[in-house]
Structures are given as structure tokens and as C-alpha cells.
Amino acid sequence: MAAEVSTDPVDIQVDTEARELRIRWEDAHQSAYPFDLLRKACPCAVCREERRTADKSPFRLLSGQPLKPGEAQVLAHRPVGRYALWFKWNDGHETGIYSFDMLREICPCDLCRQGIWGKNE
Ligand SMILES: [Zn+2]
Ligand SMILES: [Zn+2]
């Protein structure tokens, strides 16, 4: 990862109508995260364990009602210190803390997915 990629947000918008989190970073990069993607990427221990065992056991217990694509909605959100965001989802889940490091890492834009952003001076 190139050193000039910033994990400091300068602007954060939680758009519950577009169902999208938008972050502008200090290096001027803009990220847009559909809520469906964010909910699926929840970094809490329960969800990580669910994802880890998802293929292995057909009898796994879900931590909440599984949401179909297009259903994930943010009911509440707030910053956690200066390093992360907290979300409460409409399936009742609210233990995920999304660090800015992780959010920058999972930016779904083409440049980031292809590893192009930050490679050029
Ligand atoms: Zn979770
Ligand atoms: Zn990006």
C-alpha cells in the first residue's frame, strides 16, 4: 500500500436515502459504500465468525435476521473517537465498529479495487 493513501476523513456523509456512506479523505479520494456492502463487511467478532463458518455449516445461527440485498438500512450512527464509525442496522445489529483504516481498505471504487489509487505520485 502506497504511503500517500490517507485514512483520515475530511468529510463523512451517511445518506440514508441513497443508502450509502460517503467519505472524502485527506488525500482528496472519495469513497462511496452502499449500506449492503457495509453491513456484509461488518468487522465485529460475531460477523467474522459467521463469515468464516458460512461455507462449512448449513446449520449456523445468524446473529440477526439476514437482510437481502437492498434492505440494509442505518438506523443510527456516530463516530468512535477519531478512528472509527459505529452503525446500528435495521436487523438489530450494532456491535460493528468500522475503523477508517478498514473503510479505506475496502473502498469499492475501481481505482482502489485495481490498486491504482496511490500508486502514482
Ligand atoms: Zn457484526
Ligand atoms: Zn477508492
| request: Select from segment 8-44 the residues that are surrounded by 15 or more Cβ atoms within 10 Å (Cβ to Cβ) and among the hydroxyl-bearing types (Ser, Thr, Tyr) and list them in ascending order. | output: SER31, TYR33
| task | Take segment 89-120 and flag every residue that is surrounded by 12 or more Cβ atoms within 10 Å (Cβ to Cβ), of a type in the set (A, V, I, L, M) and more than 12 Å from ligand 1 (Cβ to nearest atom). | result | MET102, LEU103, ILE106, LEU111
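All of the numbers you see were taken from the coordinates with simple rules; none came from a lab. Just so it is clear, the structure is predicted and the values come from calculations on it, not from any experiment. Ideal geometry is used to build each Cβ from the backbone, glycine not excepted, and the neighbour counts take in all protein chains shown.
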